[in-house]
1. Regarding the stretch 198-214, can at least one residue be identified that is within 16 Å of the chain's Cα centre (by Cα) and exposed (fewer than 15 other Cβ atoms within 10 Å of the Cβ)?
2. Quick check, is SER38 part of a strand (DSSP E or B), among the small types (Gly, Ala, Ser) and either over 18 Å from the mean Cα position of the chain (by Cα) or within 16 Å of ligand 1 (Cβ to nearest atom) (or both)?
3. Residue check: is GLU147 on the phi > 0 side of the Ramachandran plot and not aliphatic (A, V, I, L, M)?
4. Do we find that LEU70 is surrounded by fewer than 18 Cβ atoms within 10 Å (Cβ to Cβ) and within 16 Å of ligand 1 (Cβ to nearest atom) in this structure?
5. Among the numbered criteria (1) at pLDDT 95 or above; (2) under 30 Å from GLY33 (Cα atoms), which one does HIS276 miss?
6. All but one of (1) under 18 Å from THR99 (Cβ atoms); (2) surrounded by 19 or more Cβ atoms within 10 Å (Cβ to Cβ); (3) away from ligand 2 (no atom under 16 Å from the Cβ) hold for ALA143; state the number of the condition that does not hold.
7. THR182 fails exactly one of the following numbered conditions: (1) in contact with a strand residue (DSSP E or B) (Cβ under 8 Å, 6 or more places away or on another chain); (2) closer than 24 Å to GLU97 by Cβ. What is the number of that condition?
8. Of the numbered conditions (1) in contact (Cβ under 8 Å) with a residue 60 or more places away in the chain; (2) away from ligand 1 (no atom under 16 Å from the Cβ); (3) within 22 Å of GLY69 (Cα to Cα), LYS165 fails exactly one; give the number of that condition.
Amino acid sequence: MIQEKVAQTTASASGVVPTLLALRGVGKVFSNGVTALSDVNLTIREGDFLSLLGPSGCGKSTALRLIAGLSTPTSGVLDWRADGSLDRSNIGFVFQEPTLLPWASVFDNVWLPLRLKGVSRAKAAPAVMEMLARVHLTSVENAVPRELSGGMKMRVSIARAMVTKPRVLLMDEPFAALDEITRFKLNNDLLELWQDERFTVVFVTHSVFESVFLSNRVVVMAARPGRVFDELAIEASYPRDEAFRTSPDYAALCRQTSDVLINAINSTAGAHHDGH
Ligand SMILES: Nc1ncnc2c1ncn2[C@@H]1O[C@H](COP(=O)(O)OP(=O)(O)O)[C@@H](O)[C@H]1O
Ligand SMILES: [Mg+2]
């Protein structure tokens, strides 16, 4: 069953998908002496939906900030594809907190990145309205953030990140604060957007279920020091919908991923023990 689906999967099934970014021997030691990341080797391919899965403190956010260029590694390199087609403006970032401008309307919040590039409100309108439609927020374009639910605020945040059509979307536990039903809906909508627009996603989560549902690749990380522990290919075809969420294939993939995560966590406990 799973075997048949391999041919239909995206990037992971094909060796010809171009590399977008390679992390080579990347380490990050903070000035307080904490080794947040140690010798991370990771290749991100064009069109990947790649999740970084791991316990709190294993360096997921640090890795994402390095990829975003918000921080620099203390060792190793980040090798972007050398065709000059990618720079910081091609990267969108969504954090767990939606960080919207409280006094500005939904429309104006989504307009912001274009406004910072000098695009007028009128000129930006088609792109803003298209993104609002994509995240199902057309009817609240004039509302301000305090009038919105947590899920709607997150939708605004996604629309704002995507309005410039970035090639890469970095997401740091974006749905962790939402209730389960809302989270499932946003998972579905994010996948739909990704399938239509074909950007690359690096998604940070500590949820096995979420990482398996969304990703074609799950990179499992371990802590102390933060490092890549293992990687799993999630060989299930897209589109993935509610039927997939309740399928035996999904359950099996979650169990497999969960086992790897438990090993990753135990590997840290072991290292800690050895230190005594
Ligand atoms: N700016 C910083 N200064 C010092 N230590 C930090 C800083 N940011 C993160 N850390 C430490 O680095 C480790 C990894 O943090 P982080 O990347 O936030 O992990 P995660 O996102 O997986 O929870 C943790 O031990 C954290 O306390
Ligand atoms: Mg984090």
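1. Start the filter on the stretch 198-214 by keeping residues that are within 16 Å of the chain's Cα centre (by Cα), which leaves 198-214.
Next, from what is left, pick out any that are exposed (fewer than 15 other Cβ atoms within 10 Å of the Cβ): 198.
Yes, the stretch 198-214 contains at least one residue that is within 16 Å of the chain's Cα centre (by Cα) and exposed (fewer than 15 other Cβ atoms within 10 Å of the Cβ).
2. On the way: part of a strand (DSSP E or B): yes; among the small types (Gly, Ala, Ser): yes; either over 18 Å from the mean Cα position of the chain (by Cα) or within 16 Å of ligand 1 (Cβ to nearest atom) (or both): yes.
Against the criterion (part of a strand (DSSP E or B), among the small types (Gly, Ala, Ser) and either over 18 Å from the mean Cα position of the chain (by Cα) or within 16 Å of ligand 1 (Cβ to nearest atom) (or both)), SER38 qualifies.
3. Working: on the phi > 0 side of the Ramachandran plot: no; not aliphatic (A, V, I, L, M): yes.
When the stated conditions are applied, GLU147 does not pass them.
4. Details: surrounded by fewer than 18 Cβ atoms within 10 Å (Cβ to Cβ): yes; within 16 Å of ligand 1 (Cβ to nearest atom): yes.
Spelling it out, LEU70 is indeed surrounded by fewer than 18 Cβ atoms within 10 Å (Cβ to Cβ) and within 16 Å of ligand 1 (Cβ to nearest atom).
5. (1)
6. (2)
7. (1)
8. (1)
The values are calculated or read from the model by the stated rules, or taken from the named source; none is laboratory data. Quick caveat: nothing in here was measured; it's all calculated off a predicted structure. Here the Cβ is made from the backbone with ideal geometry for all residues, glycine too, and neighbour counts use every protein chain on show.
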